[in-house]
Every structure is written in C-alpha cells, then in structure tokens.
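Below is one structure, written out as structure tokens; the observations come after it.
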Amino acid sequence: MSALVSFVISQAISFLILYLVLFSLYWWLWGEYKDNFKKWQNWPTLAEYWDAHPESRTRTGTRCYRCGSAHIRFQHFTKSHDGMLIHKCRQCQTTLYRSAYSSTRTA
Ligand SMILES: [Zn+2]
C-alpha cells in the first residue's frame, strides 16, 4: 500500500515539474512575442507613413522618403513569422512602415 502511495506521489511531482517547465516556456515565448509586437507597433502604418511624407505617395506607388526609390521590399519582423511585416527601402535600407498579414484568408 505504501509503495502505491509513494508511486502516486512521485508521479504527481514529475507532472508538476513538467507543468512548471511548460508554463515557464509558454510565459517566456509570450513575453518575447509581446516585446516584438510593441517594437513593431512603433513603426508607422502605411497610412501614417503617407501622412508624414505626402510626397512619397505617387501615382505609381509608394516611394522612399529619403532617397525617392520605389523599390520597397518587405520582410518578416520576427523569425517566427507571426504576421508582422516591415517594409524597407531596397536602395538605402531605411525602414519605412509596417503592415500585418493573416495566414488565414477570409476573403
Ligand atoms: Zn531609400
């Protein structure tokens, strides 16, 4: 009987440790995502970028406000591809604005 009790207790402890490890991992990843999201939100949206630099909005598309180049590329803001994009000038490497995408298209 006491062998069964100690077996149950040792199982409970190992489950508790597993739970704590998973919880701290989850908390750490969530914190990192939140930090990245805040950093990403510091960049203007395309509308805000147009407001700040009206000359960059042309009939042929958006241009870089620093060098006037129309070659703007986007890249994922984080390595984990969590929907945050950042748009940079291909010529002078200036970060211009942010946008978001969703992997689940509804339209
Ligand atoms: Zn540029």
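Things to note:
- For the chain, the relative contact order is 19 percent, taking Cα pairs closer than 8 Å that sit 6 or more residues apart in sequence and dividing their mean separation by the residue count.
- Computed over the stretch 44-107, Cα set: Rg, Dmax in Å: 12.5, 37
- The chain: most fluctuating residue of Thr94, Thr60, Thr45 per GNM, C-alpha cutoff 10 Å: Thr60
- For the chain, alpha-carbon Rg relative to the globular expectation (2.2 N^0.38 Å, N residues): 1.82
- Karplus-based coupling profile of the stretch 34-40, in residue order and whole Hz: 4, 4, 4, 4, 5, 4, 5, with θ = phi - 60° in 6.51 cos²θ - 1.76 cosθ + 1.60 and x standing for Gly or Pro.
- Only Lys, Arg, Asp and Glu carry charge here, each on its Cβ (+1 for the first two, -1 for the last two); on that basis the stretch 44-107 has a dipole of about 260 debye about its Cα centre.
- Over all Cα atoms in the stretch 21-74, the spread is summed up by Rg and Dmax: 17.4, 54 Å.
- Calculated SAXS-style log₁₀ I(q)/I(0) at q = 0.16, 0.23, 0.33 Å⁻¹ - the stretch 1-42, Debye, Cα scatterers: -0.56, -0.74, -0.96
- Under 5 Å from the amide H of Thr94 lie the amide H atoms of Cys89, each residue being 5 or more positions distant or on a separate chain, with H modelled from the backbone and absent for Pro and chain starts.
- Here the calculated FRET efficiency for Ser6 and Trp27, from their Cβ-Cβ distance with R0 = 30 Å, stands at 0.45, rounded to the nearest 0.05.
Read-outs: derived from the displayed coordinates by stated rules, not from any lab. Predicted model only: the values in this text are computed from it and were never measured. Heads up, the Cβs are rebuilt from the backbone with ideal geometry, glycines too, and the neighbour counts pull from every protein chain shown.
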